[in-house]
Amino acid sequence: MTNWPEIYQYAQQAIKEAGQRVRNALNNELKIETKSNPNDLVTNIDKETELFFIEKIRKDFSTHSILGEEGQGDELQSLEGIVWIIDPIDGTVNFVHQNRNFAISIGILENGKGKIGLVYDVISDELYHAASGQGAYMNDTPLDPLKPVSVEETILGINATWITENRRIDPEVLAPLVKRVRGTRSYGSAALELAYVAAGRMDAYVTMRLSPWDFAGGCILLDEVGGIYTTVDGEALNFLSTNSVLAGNPAVHRTILEEYLAEKK
Ligand code: 2AM
Ligand code: CA
């Protein structure tokens with residue numbers, strides 16, 4: 001039998017320890033490289049933090065699999081068994097340029113079902129955490145179930161990319177939504193943006209391309225407060241590939257899907 005309370009405690013302790021290491025690392029100069037394009041950054045700290053988790057988990061939970069952004073974990077073809085999906089630094093551009101507004105994100109799944117979600121805002125020392133069926137928290141404060149919100153009252157998380165010329169969506173699709181909502185925000189860390197939706201600080205978040213490590217932890221938080229997440233086509237997210245993501249309060253999620261994204265060309 002899997003001891004989930006033990007894993008929950010262990011994961012919280014590990015993420016806090018990793019956060020302390022990242023804070024310490026900011027006292028030294030970062031080694032920055034680019035990956036797929038000049039805006040896709042990785043630092044020595046992304047890689048070292050991922051390795052910290054991998055070595056720890058392999059030692060203490062040898063049967064668990066690990067999917068990590070920097071590719072030092074396992075090459076997974078399926079979500080069978082217990083899988084840790086880890087982003088050692090989500091929001092690397094913020095990490096490099098601002099030294100804040102980044103997070104460590106962990107989602108732990110069993111046979112594809114979300115069991116534990118953690119998003120750690122390292123600089124604010126705010127740990128958003130949830131275990132399946134036990135509610136979600138920000139540090140020791142419980143997060144309330146999401147209450148219905150009208151589109152007119154919605155704070156929408158969206159990057160300006162998606163309402164300007166881009167490769168993934170006609171800019172005309174979401175522009176009217178941006179006009180209608182109370183306000184938009186863009187934080188540059190998908191994990192934090194999903195945690196903010198779970199905490200009721202934003203009511204929806206939409207983006208056209210995320211990887212499993214960007215959204216796994218945040219989605220498990222959302223499960224515990226009644227949040228909904230799908231692709232922009234209304235399909236279930238695939239935790240082994242890149243996806244578009246629409247997450248939010250159920251009422252707002254439905255309206256955005258039906259009134260805006262259904263018209264998508
Ligand atoms: P990262 O910093 O871990 O790479 C920025 O808007 C958000 O999108 C961050 O969470 C960032 O994660 C993620 N992101 C940036 N480029 C991406 C890409 N090409 N594919 C998937 N996620 C990406
Ligand atoms: Ca990352």
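The values are calculated or read from the model by the stated rules, or taken from the named source; none is laboratory data. Remember, it's a predicted structure, so these values are computed and weren't measured experimentally. So basically every Cβ, Gly included, is an ideal-geometry build from the backbone, and we count neighbours across all protein chains shown.
Of all residues in segment 36-74, how many are in contact with a Leu (Cβ under 7 Å, 6 or more places away or on another chain) and either within 15 Å of ligand 2 (Cβ to nearest atom) or not assigned by TED's automatic domain parsing to the domain that holds GLU17 (or both)? Quick ask: steps written out before the conclusion?
Taking segment 36-74 as the starting set, the residues that turn out to be in contact with a Leu (Cβ under 7 Å, 6 or more places away or on another chain) are 43-45, 65, 67, 72-74.
Among the residues that remain, those that are also either within 15 Å of ligand 2 (Cβ to nearest atom) or not assigned by TED's automatic domain parsing to the domain that holds GLU17 (or both) are: 43-45, 67, 72-73.
The qualifying residues number 6.
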Going through segment 124-155 in order, the residues found to be closer than 30 Å to LEU174 by Cβ, among the hydrophobic types (A, V, I, L, M, F, W, C) and not in a helix (DSSP H, G or I) are ALA130, ALA136, MET138, LEU143, LEU146, VAL149, ILE155
Condition test on THR242, is it farther than 20 Å from ALA198 by Cα, touching a strand residue (DSSP E or B) at 6+ places or on another chain (Cβ under 8 Å) and surrounded by fewer than 20 Cβ atoms within 10 Å (Cβ to Cβ)?
yes
What's the number of the only condition in (1) within 16 Å of ligand 1 (Cβ to nearest atom); (2) exposed (fewer than 14 other Cβ atoms within 10 Å of the Cβ) that LYS113 fails to meet?
(1)
Taking the residues in segment 173-218 that are among the aromatic types (Phe, Trp, Tyr) and within 12 Å of ligand 1 (Cβ to nearest atom) as candidates, determine which candidate is farthest from PHE95 (Cα to Cα).
TYR205
